[in-house]
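The values are calculated or read from the model by the stated rules, or taken from the named source; none is laboratory data. Just so it is clear, the structure is predicted and the values come from calculations on it, not from any experiment. Here Cβ is always computed from backbone atoms with ideal geometry, including for glycine, and neighbour counts include all displayed protein chains. Protein only, heavy atoms only, side chains kept; ligands, DNA and RNA dropped before computing areas. Shrake-Rupley method; radii C 1.70, N 1.55, O 1.52, S 1.80 Å.
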Amino acid sequence: MVLLQSSYGISERLRKMMKTHRVTQRALADAIGISFQLMNAKLHGRANFTLRDVSRIADYFGVSTDVLLGREPLEVQ
């Protein structure tokens, strides 16, 4: 399943989290099992995040999927 409506919002929140935690696109891509090129495309809106992506990213950062989807506030430490 592909998330169409929220991909832009996910990208923005994810960029903030990556910056705060000093995580590179390559490191995150490796951690969730996708290529660097696909991660780059997702972050730039050329590909959509899947539910699997969102779930794995949330697990990686220790947040709920609702944070990535914008249903809960992003509290960056």
(message) If I go through segment 35-44 residue by residue, how many of them are under 12 Å from the mean Cα position of the chain (by Cα) and open to solvent by less than 60 Å² (accessible area, probe 1.4 Å)?
(response) 5
(request) Go over the candidates 30, 66, 53 one by one and state the one that is open to solvent by 80 Å² or more (accessible area, probe 1.4 Å) and either modelled with pLDDT of 90 or more or out of contact with any Cys (no Cβ under 8 Å at 6 or more places or on another chain) (or both). (result) 30
(message) Please verify whether residue 23 is hydrophobic (A, V, I, L, M, F, W, C) and either at pLDDT below 95 or exposed (fewer than 13 other Cβ atoms within 10 Å of the Cβ) (or both), treating the condition exactly as stated.
(response) no
(message) Six or more apart or on different chains, Cβ atoms under 8 Å: show the pairs whose first residue is in segment 40-57 and touching a residue at least 24 places away in the same chain (Cβ under 8 Å) and whose second is among the aromatic types (Phe, Trp, Tyr) and not in a loop (DSSP other than H, G, I, E, B).
(response) 45/8
(message) So, in segment 1-20, exactly how many residues are β-branched (Val, Ile, Thr), part of a helix (DSSP H, G or I) and open to solvent by 50 Å² or more (accessible area, probe 1.4 Å)?
(response) 1
(message) Taking the condition of being more than 19 Å from residue 70 (Cα to Cα), assigned to a loop (DSSP other than H, G, I, E, B) and of a type outside the set (Ser, Thr, Tyr), how many residues in segment 34-46 meet it?
(response) 2
